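See structure below.
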Amino acid sequence: MIFFRILFTFVICFSITIANAQVPSDLSRVKASQITDTQLQQLLNQANARGLSPEQIEEDLIRRGLPTAELSELKLRIQQLQPVVSEAGQDVKTTSSVRRTALQKQKAYDTLNLLPSKPKLFGLEMFSNTQLSFEPDLRMPTPKNYIIGPDDELILHVYGMNMSQQNLKVSPEGTVNLRYAGVIPVNDLTIEAATSLFKSKLAKYYPGLKSGQTKLQLSLGNIRSIRVTLIGAINRPGTYTLPSLATLFNALYVSGGPAENGSFRHIELVRNSKVVATADLYDFLVKGDQTGNLRLEDNDVIRVPFARLLVTLNGELNRPGIFELKKTESLGDAIEFAGGFRSKAFQGRVTGNRYTNIGRSVIDVVGDSLNSFVPRNGDEYFIDSVINRYENRVVINGAVLKPGSYALDNGMTLKNLVDKAQGVKEDVYGGRAILVRTRADLTKEYLSVKLEPILSGREAGITLVKDDSIHVASIFDLKDTITVTINGAVRNPGVFRYEDSLSLKSLILKAGGYAENATAKGIEISRRKKDVDVTTAGSKIVELINIDENKDLANNSADFQLRPFDIITIKEDPFYKKQISVKISGEVLMPAVYTLQSREERLSSLIQRSGGLLYTANVKGAKLIRQRKGVVDTTEVLRLLKSLEKDTTKKSDSSIQRATRIVAIDLAYILSHPQTEDDITLEEGDELYIPRINNTVSIYGEVYKPVDIMYEKGKNMKDYLSDAGGATQMGKSSKAFVIYANGGAAKIKRTLGIFPSYPKIYPGSSIFVPQKPKRDGTFDAGKAGILVSAVTALVTAVALLTN
């Protein structure tokens with residue numbers, strides 16, 4: 001009974017382990033919180049192995065019945081399980097790394113279509129573009145209307161008959177100390193007014209100023225700073241210190257510009273508590289007009305109100321986005337702000353949505369009323385593309401010189417269309433043409449048209465309508481393509497088109513002439529029969545014609561006329577044989593490529609012709625590499641085979657398996673028993689490879705220490721595996737096998753299925769320990785049920801025997 005309890009507990013635990021290994025196949029009653037991180041990670045690993053995208057993973061979860069309400073939570077957990085990748089390409093799990101890669105996670109989250117794209121507010125990029133700057137130009141000439149204030153530095157040049165220069169700093173009281181003239185107030189004066197004032201004050205000291213012999217010039221040196229306050233719907237409201245040459249655009253740029261809900265059309269400049277100007281940024285964005293880019297003064301206030309009328313335009317426009325409109329502007333003005341229609345835009349009607357006091361309503365605006373239709377705040381409009389349908393197209397194809405689509409003219413006839421297509425070809429079938437016409441309900445109507453009267457000019461033909469399609473047949477379209485076939489010893493065998501009066505020699509010329517090994521004797525022609533007796537068993541279905549010719553293809557020699565669908569077979573000369581080349585390499589006296597003396601030459605003869613074996617030859621390791629048809633050089637094959645021996649995780653290349661095969665031979669026995677059945681007859685492309693004596697045994701694969709060990713007589717496979725540290729946890733030692741130097745192999749045999757019998761080991765052998773087969777990790781309910789049933793039956797039997 002104790003054994004029964006232990007076995008029952010094992011069965012239950014095993015079943016639970018298998019059941020919890022994977023996400024259930026039926027997710028219709030599963031909550032996202034019930035799926036463990038281990039199960040979710042296994043799901044992701046399987047999806048990555050199958051090359052599934054995030055969208056395909058989502059479709060698979062829905063197909064397995066996952067409720068929609070649980071899908072969003074599960075997708076968020078999938079996103080959190082994704083590894084964070086550092087710049088070095090390694091997984092990083094620290095908190096700082098997760099913060100640094102938040103943007104990468106956000107992009108991956110977007111790939112699951114959880115965050116729809118949002119239209120951009122027109123003009124916003126002007127203040128977010130790092131390549132665009134509105135910094136004032138401090139090297140510009142001094143504006144004549146510049147207002148002088150405290151902390152300005154004025155440079156006064158007197159030149160001509162008299163010369164002098166003064167740097168005048170404007171005091172906090174707004175005065176300058178002018179040489180000879182004393183203290184002069186200049187606050188709130190323009191540069192032009194200050195120049196006239198200085199000229200009048202210095203006239204008595206510089207008489208040349210009155211006569212013009214002396215000139216006076218006043219300019220700015222270092223300019224003062226002013227403080228400007230920005231308030232309202234702006235990204236960074238506050239007070240900013242700017243150069244006195246700064247303008248309205250400079251101030252907006254340093255503050256980040258209007259916010260997304262801020263107005264671009266009604267920006268107010270407040271000076272001395274009064275609105276002195278209203279700027280419209282669209283004048284600059286659309287027209288390049290900088291009239292609203294006013295110069296600022298100290299203590300100016302810029303107020304950006306909230307936008308009152310925003311509409312969204314999408315679809316076939318040059319610049320879709322969100323646009324601000326004035327109360328007097330129409331939908332046509334908004335489309336102009338969007339850059340106008342694209343070439344394929346449907347301008348006949350614009351559809352949209354509008355928010356009402358309760359819900360939403362649909363807007364339908366006819367194209368003629370775009371300039372009079374006044375939008376409301378929050379309206380969304382969509383400009384669709386034109387219908388994929390031609391208004392004036394007719395099509396002609398077939399046996400005409402210029403087939404294709406043509407414009408439909410008023411009263412256009414079939415004769416006019418044929419003339420537009422540059423007439424018909426020589427192979428035209430003049431009996432009839434087919435006209436396909438589309439009815440009003442889009443069904444097709446097929447009309448038969450007599451073509452001969454139209455081609456002769458007696459009739460103009462039927463009058464065409466929109467979308468008519470005319471097919472003009474060729475005489476070759478109305479009959480089967482007639483061919484003849486030539487096979488056998490010609491340079492280019494194949495199927496050729498039959499022409500009238502085609503002869504046998506003409507066809508051989510088309511096929512490139514006789515091949516080198518061809519014979520003109522016994523040429524066989526298979527001809528179709530039209531009077532086959534299908535009621536009699538064994539009745540012939542073809543007529544066989546045998547012809548004895550010569551290889552002279554001159555026109556003055558006798559010839560045989562072919563008929564349609566004849567099949568010609570050119571035979572090979574039985575007395576013509578190509579040389580057979582084989583190769584011997586390795587430890588022989590004269591390795592080279594040899595030509596066989598006869599088709600029955602054997603291995604022992606080849607070794608004798610090569611000078612015999614060297615004393616370093618490993619006779620037991622000799623192997624014969626036999627190529628199949630269309631193979632590569634055996635040197636490359638050997639290189640690839642050696643690379644496979646060093647890595648058991650690689651699978652043998654299917655191309656090598658198809659190209660060659662290794663024939664295991666016992667060369668020592670062959671040399672001692674020549675001309676016997678074991679002395680193999682050689683074939684074209686064979687290579688006999690005789691390796692050098694190798695007194696080591698190589699152990700590769702899933703062992704702890706892959707190594708080459710000196711051969712010791714009497715040691716078996718188990719001893720050599722012990723020298724390599726034994727098999728690893730991934731290795732399956734019971735499936736270990738030996739590959740001998742001559743290409744043969746042997747595995748472990750078991751007497752009565754229990755007692756192992758290890759294969760013999762020779763010098764140069766290689767022992768391989770393969771990997772255990774990998775389990776895919778999927779839960780097979782059928783196999784689990786069979787296992788549980790078998791274990792239950794076993795437990796029951798043990799319990800009955802115990803009782």
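The values are calculated or read from the model by the stated rules, or taken from the named source; none is laboratory data. Source: prediction; values computed, not measured. Here the Cβ positions follow ideal geometry from the backbone for every residue, glycine too, while neighbour counts run over all protein chains shown. With ligands, DNA and RNA removed, areas are computed over all heavy atoms of the protein, side chains included. Shrake-Rupley method; radii C 1.70, N 1.55, O 1.52, S 1.80 Å.
Specify which of the listed residues (ASP441, ASP419, ASP427, ASP477) is of a type in the set (Asp, Glu), modelled with pLDDT of 90 or more and over 21 Å from GLN561 (Cα atoms).
Values: ASP441 fails: modelled with pLDDT of 90 or more; ASP427 fails: modelled with pLDDT of 90 or more; ASP477 fails: modelled with pLDDT of 90 or more.
Going through ASP441, ASP419, ASP427, ASP477 in turn, the sole match is ASP419.
Output yes when any residue across the stretch 375-385 is touching a residue at least 40 places away in the same chain (Cβ under 8 Å), part of a strand (DSSP E or B), of a type in the set (Asp, Glu) and open to solvent by 20 Å² or more (accessible area, probe 1.4 Å), and no when none is.
Narrowing the stretch 375-385 to residues touching a residue at least 40 places away in the same chain (Cβ under 8 Å): 375-385.
Keeping just the survivors that are part of a strand (DSSP E or B) gives 380-383, 385.
Checking which are of a type in the set (Asp, Glu) leaves us with 380.
If we keep only those that are open to solvent by 20 Å² or more (accessible area, probe 1.4 Å) as well, we get 380.
Within the stretch 375-385, one or more residues are touching a residue at least 40 places away in the same chain (Cβ under 8 Å), part of a strand (DSSP E or B), of a type in the set (Asp, Glu) and open to solvent by 20 Å² or more (accessible area, probe 1.4 Å).
Going through the stretch 320-338 one residue at a time, which ones are assigned to a loop (DSSP other than H, G, I, E, B) and either among the aliphatic types (A, V, I, L, M) or under 26 Å from ARG389 (Cα atoms) (or both)? Step through it out loud before you land on a result.
Applying the first criterion (assigned to a loop (DSSP other than H, G, I, E, B)) to the stretch 320-338 yields 320, 325-330, 338.
PRO320, LEU325, ALA338 - these are the residues of the stretch 320-338 that are assigned to a loop (DSSP other than H, G, I, E, B) and either among the aliphatic types (A, V, I, L, M) or under 26 Å from ARG389 (Cα atoms) (or both).
On the basis of being within 30 Å of LEU435 (Cα to Cα) and surrounded by 12 or more Cβ atoms within 10 Å (Cβ to Cβ), does VAL495 make the cut?
no
So, of the residues in the stretch 118-156 that are surrounded by fewer than 14 Cβ atoms within 10 Å (Cβ to Cβ) and outside any loop (DSSP other than H, G, I, E, B), which turns out to be modelled with the highest pLDDT?
Here the residue is GLU125.
Any chance you could count how many residues in the stretch 235-252 are closer than 10 Å to PHE127 by Cβ and crowded, with 18+ Cβ neighbours inside 10 Å?
2
From the list LYS415, LYS450, exactly one residue is of a type in the set (Lys, Arg) and touching a Gly at 6+ places or on another chain (Cβ under 6 Å). Which is it? Full working, then the answer.
Details: LYS450 fails: touching a Gly at 6+ places or on another chain (Cβ under 6 Å).
Answer to the check: LYS415.
Would you check which residues across the stretch 556-593 are of a type in the set (A, V, I, L, M) and either touching a Lys or Arg at 6+ places or on another chain (Cβ under 9 Å) or in a loop (DSSP other than H, G, I, E, B) (or both) and list them?
Filtering the stretch 556-593 down to residues of a type in the set (A, V, I, L, M) leaves 558, 562, 567-568, 570, 580, 582, 584, 588-590, 592-593.
Within the stretch 556-593, ALA558, LEU562, ILE567, ILE580, ILE584, LEU589, MET590, ALA592, VAL593 qualify.
Output the residues belonging to the stretch 263-279 that are part of a strand (DSSP E or B), hydrophobic (A, V, I, L, M, F, W, C) and under 55 Å from the mean Cα position of the chain (by Cα). Before the answer, list the steps.
Narrowing the stretch 263-279 to residues part of a strand (DSSP E or B): 267-271, 274-279.
Okay, now just the ones that are also hydrophobic (A, V, I, L, M, F, W, C), so 267, 269-270, 275-277, 279.
Within the stretch 263-279, ILE267, LEU269, ALA277, ALA279 qualify.
Which number in (1) surrounded by fewer than 15 Cβ atoms within 10 Å (Cβ to Cβ); (2) in a strand (DSSP E or B); (3) not small (Gly, Ala, Ser) marks the one condition that VAL365 misses?
(1)
Filter the stretch 306-334 down to the residues that are in contact (Cβ under 8 Å) with a residue 60 or more places away in the chain and surrounded by fewer than 17 Cβ atoms within 10 Å (Cβ to Cβ) and list them by number.
If the condition is that a residue be in contact (Cβ under 8 Å) with a residue 60 or more places away in the chain and surrounded by fewer than 17 Cβ atoms within 10 Å (Cβ to Cβ), then PHE306, ARG308, ASN314, ARG319, LYS326 are the ones that fit.
Do you know which residues across the stretch 501-525 are touching a Phe, Trp or Tyr at 6+ places or on another chain (Cβ under 9 Å) and assigned to a strand (DSSP E or B)?
Just the residues of the stretch 501-525 that are touching a Phe, Trp or Tyr at 6+ places or on another chain (Cβ under 9 Å), to begin with: 502-505, 507-508, 510-511, 516-520, 523, 525.
Matches in the stretch 501-525: SER503, ALA518, ILE523, ILE525.
Across the stretch 472-492, which residue is nearest to GLU426 (Cα to Cα) among those that are open to solvent by 80 Å² or more (accessible area, probe 1.4 Å) and not basic (Lys, Arg)?
PHE476
Within the stretch 337-351, can you find the residues that are open to solvent by 80 Å² or more (accessible area, probe 1.4 Å) and over 37 Å from the mean Cα position of the chain (by Cα)?
Passing the criteria: only ARG349.
For the stretch 165-262, list the helices (runs of 4 or more DSSP H) that sit wholly inside it and hold at least 1 residues that are more than 60 Å from the chain's Cα centre (by Cα); which are they?
Details: elements: 191-202, 208-211, 248-254.
Output list reads 191-202, 208-211.
Please work out which one of (1) without any contact (Cβ under 8 Å) to a residue 40 or more places away in the chain; (2) open to solvent by 60 Å² or more (accessible area, probe 1.4 Å); (3) in a strand (DSSP E or B) is the condition ILE709 fails and give its number.
Status for ILE709: all satisfied but (2).
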